[in-house]
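Structure first, then comments.
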Amino acid sequence: MMSRQRLLVAFSISLLLAIFSSTADAYENLLKTKVDYFEDWDYGPGAHGPAHWGENWEICGVGKNQSPIDIDTSQLVYEEKLDAPILHSYTDENAYVFNNGHFPQVIWPAGWIYVDKKNYTMIGFQFHSPSEHTIDGKSHDIEMQILHVNEDGDYAIVVILSDVQDKVNGWVEQFWNKIPVANFWSPVDVGVLSPDGFRVNFSKYYRYTGSLTTPDCQENVVYSILSTVYEISPGQLEHLWNIFPNPTNRPVQPIGDRKVSYPKASL
């Protein structure tokens, strides 16, 4: 018998198909990035936490290219071929926000990104707090991950880090108060989101290859971590913590022999 959560997913996909086909496609692609939200896994110290993910998803435990990582800026490698800015095109598009039981996600199939001579279609984005990636050992208050997928099923994720400042992030505010407290997987209509106001610097970033940061931790992700840190207000961070009172980040993983590169614009 199909579980209640799976029924909710099926209902949500049907709803989105009826509303907006490209949004539904993005939603289904988003589901594919997380093989099984319905298994018992979490971010805690117990039997279902990150230290035990490898028991159900082997690569989470033995993979050599796992994410997130700490970016040691003293070990960066300049790479001339990297685009600066990252080539991308985002447009006005309908968006839906939902609570997957682990962290908030937004379905926003608003364009594409071009990375390493490959085109990736945007799925949407999600938030983790505190940040999953760290810079020189420093964690940030929130990490926004913009997810893109290509025709081969590989991912390009752009990471935006934010810290609390005395300023409301106006772009995030458009959907922040619509994050469902419960009703897992039931999407809430945000309306049309515009990239206008989404003013981030795509020229300065760190690039490396890694994995998804949740099970099944598949290692087919190119990360671009923007080096500029943006703002989130104390009230916005508190609102997120009220819904997700426990940390929603996987601990940093060994970098191994991987290199982290940067483009000329980051000099």
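The values are calculated or read from the model by the stated rules, or taken from the named source; none is laboratory data. The structure presented is a predicted model; accordingly, all values stated were derived computationally and were not measured. Glycine gets a Cβ as well: all are built from the backbone with ideal geometry, and neighbour counts include every protein chain shown.
Working carefully through the options D154, D141, find the one that is closer than 21 Å to D70 by Cβ, surrounded by fewer than 22 Cβ atoms within 10 Å (Cβ to Cβ) and charged (D, E, K, R).
Within the list D154, D141, the selection yields D141.
Answer with yes or no whether V229 is part of a strand (DSSP E or B) and under 29 Å from G44 (Cα atoms).
Answer is yes for this residue.
Here is a check on your reading of the model: is L87 out of contact with any helix residue (DSSP H, G or I) (no Cβ under 9 Å at 6 or more places or on another chain), touching a residue at least 24 places away in the same chain (Cβ under 8 Å) and more than 30 Å from V188 (Cβ to Cβ)?
Taking the combined requirement at face value, the residue satisfies it.
Tally the residues that are assigned to a strand (DSSP E or B) and either under 25 Å from Q253 (Cβ atoms) or out of contact with any Pro (no Cβ under 7 Å at 6 or more places or on another chain) (or both), restricting the search to the stretch 91-120.
13
State whether the residues of the stretch 159-168 include one that is touching a helix residue (DSSP H, G or I) at 6+ places or on another chain (Cβ under 8 Å), at pLDDT below 95 and surrounded by 14 or more Cβ atoms within 10 Å (Cβ to Cβ).
Taking every residue of the stretch 159-168 in turn, at least one turns out to be touching a helix residue (DSSP H, G or I) at 6+ places or on another chain (Cβ under 8 Å), at pLDDT below 95 and surrounded by 14 or more Cβ atoms within 10 Å (Cβ to Cβ).
H140 is checked against (1) in contact with a Gly (Cβ under 9 Å, 6 or more places away or on another chain); (2) of a type outside the set (A, V, I, L, M, F, W, C); (3) outside any strand (DSSP E or B); (4) within 16 Å of Y223 (Cβ to Cβ) and fails just one. What number does that condition carry?
The single condition H140 does not satisfy is (1).
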